[in-house]
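S.K.: Pasting a structure below so you can have a look.
The values are calculated or read from the model by the stated rules, or taken from the named source; none is laboratory data. The structure presented is a predicted model; accordingly, all values stated were derived computationally and were not measured. Because the Cβ atoms are built from the backbone with ideal geometry, glycine has one as well, and the counts that use them run over all protein chains shown.
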Amino acid sequence: MTTAKNNPAAATGSKLGNLLPKLAIPLALIVLWVVISEFKLVKPIFIPPPAAVWKAFLGLAPLLPQAILTTVAITLAGFVIGVSIGTVSGLAMAYSKTVRVYLGAIFDFARPIPVFALIPLFILWFGIGRAPQIALIAMGTSVILGITTIEAIRNVPSIYIRAALTLGADRKRIYTTVIVPYIAPHLIGAIRVAAAASWGLDVAAEFMGSQAGLGYLIILQQTYLRTAGIIILVVIYSILAIFLDTIIAAAEKRLIPWTERRSSMGAVASIVGNT
């Protein structure tokens, strides 16, 4: 029987068949955008025409390289610090009940606090500059990792622990061979969520007196009601977020190969979600 691996044309056709449904909605939205612009169904200040967006891009182009570098540096610094704190805290909570009680209480307390409401305090504590911006992103991402870890630990099936005890595993072996492998996919998922959230946190962080970066450019565009420029900057943020998420997803396949990934939704799609 001929397979996609043995037939390059079939493989190409399969890839196109998978790609077309993903492009359907974006293409439909672009067509709708063009129709709205051409027939002036909405005022340009709300939905600018494609030509205005392109003109705005050309106007922003000289500023974009430095702005992107600044934003990426701030976002990645806060993201790495936050993920490191959240992951280490999570692994410590998974190993020690004492740590779990105290750190779990901290994360449970921090969870309902709106991060954006802390901006005035961060400015007061850290001043104006990159330090409060990085701290804000780090706090937001670390809470995501910590809360996810707590919930993952609470949902480890007791049958796995009993099976390990029956086979003679001690506490350390149960931690390394049962608990950590079980919660690892949840942690990777939380890291992906934190990566997406970190870009949004960066926008808020750059409202804290930033003089450079994409968030700062958004502030300028908003001040002068340049909707087209805001759209350009939002698209750039989206591209950066997708790029970082793609890197994490690629690393996930190498770091946790034991997870079931037969399809885009795992076992669920392969059994009940294939229609």
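S.K.: Can you confirm whether the stretch 190-201 contains a residue that is within 20 Å of Val101 (Cβ to Cβ), assigned by TED's automatic domain parsing to the domain that holds Ile218, touching a residue at least 60 places away in the same chain (Cβ under 8 Å) and among the polar types (S, T, N, Q)?
M.R.: First, the residues of the stretch 190-201 that are within 20 Å of Val101 (Cβ to Cβ): none.
Checked the stretch 190-201: no residue is within 20 Å of Val101 (Cβ to Cβ), assigned by TED's automatic domain parsing to the domain that holds Ile218, touching a residue at least 60 places away in the same chain (Cβ under 8 Å) and among the polar types (S, T, N, Q).
S.K.: Still on this structure, please answer the following. Checking Ala205 against (1) in contact with a Leu (Cβ under 7 Å, 6 or more places away or on another chain); (2) more than 26 Å from Pro44 (Cβ to Cβ); (3) at pLDDT 90 or above; (4) among the aliphatic types (A, V, I, L, M): exactly one of these is not met. Which one?
M.R.: So the condition that Ala205 fails would be (3).
S.K.: List the pairs whose first member sits in the stretch 236-262 and is in the same structural domain as Gly200 (by TED's automatic domain parsing) and over 11 Å from Pro185 (Cβ atoms), whose second member is at pLDDT below 80 and among the small types (Gly, Ala, Ser), and whose Cβ atoms are under 9 Å apart, counting only residues at least 6 apart or on separate chains?
M.R.: Within 9 Å, the pairs are Arg262/Ala269; Arg262/Ser270.
S.K.: Hey, another quick one. Could you tell me which residue of the stretch 115-170 is surrounded by the fewest Cβ atoms within 10 Å (Cβ to Cβ), considering only residues that are charged (D, E, K, R), within 24 Å of the chain's Cα centre (by Cα) and more than 24 Å from Ala204 (Cβ to Cβ)? Break it down stepwise before answering.
M.R.: Step one: list which residues in the stretch 115-170 are charged (D, E, K, R), which gives 130, 151, 154, 162, 170.
Filter again for within 24 Å of the chain's Cα centre (by Cα), leaving 130, 151, 154.
Among the residues that remain, those that are also more than 24 Å from Ala204 (Cβ to Cβ) are: 151, 154.
Values: Glu151: 12, Arg154: 9.
Residue satisfying both the conditions and the ranking: Arg154.
S.K.: Further question on the same structure: Can you list the helices (runs of 4 or more DSSP H) found entirely within the stretch 122-236 that contain at least 2 residues being touching a Pro at 6+ places or on another chain (Cβ under 9 Å) and over 18 Å from Arg111 (Cβ atoms)? Step through it out loud before you land on a result.
M.R.: Values: elements: 130-154, 158-166, 171-174, 180-205, 214-223.
Counting at least 2 such residues, we get 180-205.
S.K.: While we're looking at this one, here's another question. Select, from Val83, Val72, Val53, the only residue that is more than 22 Å from Gly140 (Cβ to Cβ) and among the β-branched types (Val, Ile, Thr). Quick ask: steps written out before the conclusion?
M.R.: Details: Val83 fails: more than 22 Å from Gly140 (Cβ to Cβ); Val72 fails: more than 22 Å from Gly140 (Cβ to Cβ).
Going through Val83, Val72, Val53 in turn, just one is more than 22 Å from Gly140 (Cβ to Cβ) and among the β-branched types (Val, Ile, Thr): Val53.
S.K.: Of the residues Gly90, Gly78, only one is closer than 30 Å to Ile161 by Cα and either surrounded by 14 or more Cβ atoms within 10 Å (Cβ to Cβ) or at pLDDT 85 or above (or both); which?
M.R.: Values: Gly78 fails: closer than 30 Å to Ile161 by Cα.
Just a single option satisfies the conditions, and that option is Gly90.
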